[in-house]
Amino acid sequence: MKVTAFVGSSRKKHTYNASEKFLKNLQSLGDIEYEIVRLSDYNLETCKGCKSCTDRGEEFCPLKDDRDKLIEKMMNSDGVIFASPNYCFQLSGLMKMFLDRLAFLFHRPRFFGKTFTSIVAQGFYGGKDIVKYLNFIGDRLGFNVVKGSVLTTLEPMTEKGQMKIDKIIDKQSKRYYETLIKKEYPTPTLFKLMIFRMSRTSAKLMLNEDYRDYTYYKEKGWFESDYYYPVKLNPFKKLIGRFFDMMATRSARSR
Ligand SMILES: Cc1cc2nc3c(=O)[nH]c(=O)nc-3n(C[C@H](O)[C@H](O)[C@H](O)COP(=O)(O)O)c2cc1C
């Protein structure tokens, strides 16, 4: 299996080291090949906000950078890690630039069955919300999300501080490994079911063949399916799924 870490720090320090330790742990647990992608080694341009990718298709993006190379790395992995330092109580700008370049994938998610987690390195405060945000991002991209972790890296780093970090990474990598080897296509929660049914029904009623979301959903059979991927819904979820379709229909017709 292959796991790729995307590191959003330009320096090779705590975020990189924690990611490397995480991946080495995975290797000690099973037959894992890994790659560390330092985003600073790639050309990522600033999104111009034209919405060509979401509306017409990603191939219409006017920017020529390494976006597709990076997405291919995600597609060719069984699991990914997004690792970022905490800068000004948020992700690093580098990581955010990367996420902006993936924006169309939130409309048309495709990483089902793959595992995701996040690592945030910080001096002292703000990382929890960043991890929460990254977990949400992983979820919206279709991944099976393993809860991320915040590492306190206040310098000078003490032996005790380093041991604390190592312990967190050890625990997180074990949790991640368990999910990775299952390669599950889980039954959606009510919230996820709602997001899928509302967005597909809205797309069906409000868009047309001129929109890439419409043609993508159609190609995937998502206008008729219960969920993004084949899954057995219990009678309650079947019923509530239809209710979400109905709500989206009402809302589309009242616009
Ligand atoms: C521009 C900048 C802003 C930062 N802002 C915060 C912050 O808001 N909260 C925090 O706890 N640490 C903050 N830090 C500290 C870093 O999160 C910390 O040093 C982290 O280990 C950096 O990751 P790295 O070692 O991979 O470069 C900031 C560091 C920089 C360079």
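The values are calculated or read from the model by the stated rules, or taken from the named source; none is laboratory data. Every value quoted in this text rests on a predicted model; they were computed, and no experiment measured them. FYI the Cβ positions are ideal-geometry reconstructions off the backbone, even for glycines, and counts take in every protein chain you see. Ligands, DNA and RNA are stripped out before the accessible areas are found, and what is left, the full protein with its side chains, is counted by its heavy atoms. Shrake-Rupley method; radii C 1.70, N 1.55, O 1.52, S 1.80 Å.
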Residue within segment 110-117 that is out of contact with any Asp or Glu (no Cβ under 6 Å at 6 or more places or on another chain), farther than 25 Å from Phe191 by Cβ, away from the ligand (no atom under 16 Å from the Cβ) and not hydroxyl-bearing (Ser, Thr, Tyr) present: no
Helices (runs of 4 or more DSSP H) lying entirely in segment 149-247 (those with 3 or more residues that are farther than 30 Å from Gly126 by Cβ and either within 16 Å of the ligand (Cβ to nearest atom) or under 24 Å from the mean Cα position of the chain (by Cα) (or both)): 190-206, 212-220
Boolean, Asp210 is open to solvent by 100 Å² or more (accessible area, probe 1.4 Å) and either charged (D, E, K, R) or assigned by TED's automatic domain parsing to the domain that holds Phe6 (or both): yes
Failed item in (1) hydrophobic (A, V, I, L, M, F, W, C); (2) surrounded by fewer than 19 Cβ atoms within 10 Å (Cβ to Cβ); (3) at pLDDT 95 or above, with Phe116 passing the rest: (2)
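With Thr189, Thr215 as the choices, which residue is hydroxyl-bearing (Ser, Thr, Tyr) and surrounded by 14 or more Cβ atoms within 10 Å (Cβ to Cβ)? Spell out how you get there, then give the answer.
Numbers: Thr189 fails: surrounded by 14 or more Cβ atoms within 10 Å (Cβ to Cβ).
The match here is Thr215.
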Elements of type helices (runs of 4 or more DSSP H) contained in segment 1-81, each with 1 or more residues being within 16 Å of the ligand (Cβ to nearest atom) and charged (D, E, K, R): 14-29
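Considering Phe196, Phe143, Phe104, which residue is more than 21 Å from Cys88 (Cα to Cα) and not assigned by TED's automatic domain parsing to the domain that holds Ile32?
On the way: Phe143 fails: not assigned by TED's automatic domain parsing to the domain that holds Ile32; Phe104 fails: not assigned by TED's automatic domain parsing to the domain that holds Ile32.
Only one candidate qualifies: Phe196.
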